[in-house]
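**Q** Could you have a look at this structure, given as C-alpha cells, before my questions?
The values are calculated or read from the model by the stated rules, or taken from the named source; none is laboratory data. From a predicted model like this one, the values you see are computed outputs, not experimental measurements. Quick reminder, even Gly has a Cβ in these numbers, built from the backbone with ideal geometry, and neighbours come from all protein chains shown. Ligands, DNA and RNA are stripped out before the accessible areas are found, and what is left, the full protein with its side chains, is counted by its heavy atoms. Shrake-Rupley method; radii C 1.70, N 1.55, O 1.52, S 1.80 Å.
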Amino acid sequence: MYQNICYFALMCAIIEYMEQKTSHYSIKYPVTFVIFGITGDLARKKLLPSLWDLYHRGNIVKEYFSVIGFSRSSYTNEQFREYVRKILLQRDPSLDEAEVKNFSECFLYEAGDFLEKSFYENIKLCIRQRDTFFKTCATKIAYLAVAPEYYEKIFENIHSSGLLITCANEVSGLGRILVEKPFGKDVETARELDKKLGSLFKEEQIFRIDHYLAKETIQNILNFRFANHIFEPLWNKNHIESIEIRLAENFGVDGRGAFYDGVGALRDVGQNHILQMLATTIMQSPLEFSAEGIRTKRLEALDSFESVCAEKKTKECKQCIRAQYEGYREEEGVTKDSKTETYFKIYVKSSLSQWEGVSFLLESGKAMEKTETFIRVHFKQASFALLCPLQSSHGCANTLTFHIKPEEGISILFWAKKPGFSRDLDPHNLHFQYKEGMETHCIPDAYEYVLFEAIRGDQTLFPGTEEIRAQWEVIAPLLKHWEKEPLSTYKKGSNEIIE
Ligand code: BG6
C-alpha cells in the first residue's frame, strides 16, 4: 500500500515536471529559421548553443522546428548536421549523443552568396520542403548573423524573393527578420538603414537585437522596481545621488580587431547596451506591461539623455575619458596609427524632471583588470547625521547593485551598529545570486530569450526604430567632440589611465 502511494506520488511529480518542462513555454506551431552566416562566430558561440538549450529544455520541439543554415562554405545537409553535433559536444561532452543527433536533424543547409539573388530561390525551395513536412505553413524567421555591410543587400533579396511570405493564417502570422547590432554607424547611416528596412517590411516584423535587454538581470529590473514597494518610492532625484554603469572586460578585441577598429568602445557597447541599461533603470512605469507600453517608456528615457562630456566647463566633463590600451595597435586587423578608443568614461544627464541633477556615469573598457558588469544606484547620504557624522566619507549612503557579470544577482549595501559598546557603524551586504538555489542551466542565456521571443513575436526585448535613433542622438555630439580630443592610454589588464 505504502509502496503504491509512493509510486503514485513519484509519477505525479514526474508528470508535473515533464509538463513544466515541455508544455508551459513550449512552442506548438511550426517555425522555420533561416540563419544567414550560420558558420560564423556568432552562430557557433551563441545561436547553436542557445537553440540547443531551448530544444533540450522542451521550449522548442522537433515536430515544429527547423533551421535552414545559409553560408558560403560548402556542406551537404548531413555534413552540416555533423558540424552542429561537433560544436555542441565540444561545448559539453556530457550531452546525450542520441538527443544531440535528433536535434541536428532539424537542420538543413544551403551554400551560397548572400548578395546573389538566385540562391534565395534555393532557400525558398527548402522552406517549402519544411512546410510540406509540417503539413502547414510555418512562421518564417530570418536571422542576419553576418557583417553589417551585407545588411541592405540581404534585406532586398529577402524581400524580392518573397522568402518571408507566409500563409496568411493566424498561427504563422507575418515572417520576421532579426538584425544584429551594429545598426548603422551614426545617426544618418542608422536612419538610412531603417528607411530601407521600413520600405520592405512592417515594423512588427523587424526585431533589432540588443542582447543586453534580454539578460535575466536586466529584464528583472522592471519587476524588481515595480513589484517591491520598498524601492520605487525612492526611485528619483530626492533620494538617488547618482547611477553608475560599468561594463569591463579582462580581454582585448579577441580576434575581432578588423571589425572593432572601425567602431570603438562607445559605438560597440555604449550606444546600445549601456544606454539601454540606463533607460531600463530610470524609465517611468509603463501604463501596461506590454511591448508597446515598455518600449514607449524606454524611448522616453532615451530621448531625455544628453551627454555632458562636450560641455567643457562642467566638473563632470573634465572627468570624461577616452583611452586605448597599450598594444592595441599591434592586434590583428587594427591599423598601426589607430585612434579608436577601447575604453570610455562619460557622464550623461536626463531632462526628465524626476531625474534633474542626478549624474549618470557610464564606463566601459576592453583589456581591463577584471570582467565585471553592473548597474549601481547610489542613494543620498543620510540626512539624519547624528549616527553618521558628516565628516565620514561614506555618509551612510546605501547602494543597490544589479550584477550582470561575472554572476547575475542583486546586492544592497546598508549600515548597522558595530557589536559592542560603541555606536559606530559598519557596512554590510544583502546579497542575492541567481545561481544560488538554482541550476545554472535553468537561467536562459540572453540569446535564448532573443530567439524565443522572436518565435513568439514579442518585441519587448527588442529596441524599436525610434529607440535606435535616440541612442545615436545621445552619442553623436560626443563622437564629434572626440574627433578633436586627445586619446589617453592604459596598460593592458589594468584600470589605470596613464596619460
Ligand atoms: C557585444 C560587443 O555586443 O557585447 C562585444 O560587440 C562585447 O565587444 C559583448 O564583448 C559583451 O556581451 P556579453 O554578453 O558577453 O557581456
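**Q** Per-residue ellipticity at 222 nm for the chain, helices alone: DSSP H runs ≥ 4 residues times -39500 (n - 2.57), over residue total, nearest 500 deg cm²/dmol?
**A** Calculated from helices alone, the mean residue ellipticity at 222 nm is -10500 deg cm²/dmol.
**Q** Between Asp96 and Ala227, how many nm apart are label points set 7 Å from Cα along the C-beta direction?
**A** 3.1
**Q** Taking R0 as 60 Å, what's the FRET efficiency between Thr136 and Ser422 from their Cβ-Cβ distance, rounded to 0.05?
**A** Details: r = 74 Å, r/R0 = 1.24.
Computed FRET efficiency for Thr136 and Ser422: 0.20.
**Q** In square angstrom, what is the accessible area per residue of the chain with a 1.4 angstrom probe?
**A** Heavy-atom SASA per residue in the chain reads 49 Å².
**Q** Could you please put Thr280, Thr132 in sequence from largest to smallest accessible area, using a 1.4 Å probe?
**A** Thr132, Thr280
**Q** Using the Karplus equation 6.51 cos²θ - 1.76 cosθ + 1.60 (θ = phi - 60°), what ³J(HN,Hα) coupling, rounded to whole Hz, does each residue of the stretch 456-463 give in order, writing x for Gly and Pro?
**A** Listing the rounded values in order: 6, x, 9, 9, 3, 8, 10, x Hz.
**Q** About its Cα centre, how strong a charge dipole does the chain have in debye, to the nearest 20, once Lys and Arg get +1 and Asp and Glu get -1 at the Cβ?
**A** Details: 62 positive and 71 negative charges, 83 e Å.
Using Cβ point charges on Lys, Arg, Asp and Glu, the chain gives about 400 debye.
**Q** Rounded, prolate or oblate: which one fits the stretch 278-342, using the alpha carbon gyration tensor with axes a ≥ b ≥ c (rounded when a/c is under 1.5, else prolate when a/b beats b/c, else oblate)?
**A** oblate
**Q** Sorting check: for 421-431, 458-468, which peptide has the highest mean count of neighbouring beta carbons within 10 Å, and how do the rest follow?
**A** The peptides rank, most packed first, as 458-468, 421-431.
**Q** Once neighbouring chains are kept in place and the probe is 1.4 Å, which whole percent of the accessible area of the chain is contributed by carbon and sulfur? Walk me through the intermediate numbers first.
**A** Values: 12960 of 24220 Å².
Ligands and nucleic acids excluded, carbon and sulfur give 53 percent.
**Q** Take the Cβ-Cβ distance between Lys336 and Glu244 as r, set R0 to 30 Å, and report the resulting FRET efficiency rounded to the nearest 0.05.
**A** About 0.30, to the nearest 0.05.
**Q** How would you classify the chain from its alpha-carbon gyration tensor, with a ≥ b ≥ c the square roots of the eigenvalues: rounded for a/c under 1.5, else prolate if a/b is greater than b/c, otherwise oblate?
**A** Here the chain falls in the oblate category.
**Q** Residues in the stretch 446-480, backbone N under 13 Å from the label point at Glu292 (7 Å along the Cα-to-beta-carbon vector): list them, ranges by number please.
**A** The answer is 459.
**Q** For a test of the definition: using alpha carbon positions, the gyration tensor, and the 1.5 limit on a/c, classify the stretch 50-173 as rounded, prolate or oblate.
**A** Because a/c hits 1.5 or more and a/b fails to exceed b/c, the stretch 50-173 counts as oblate.
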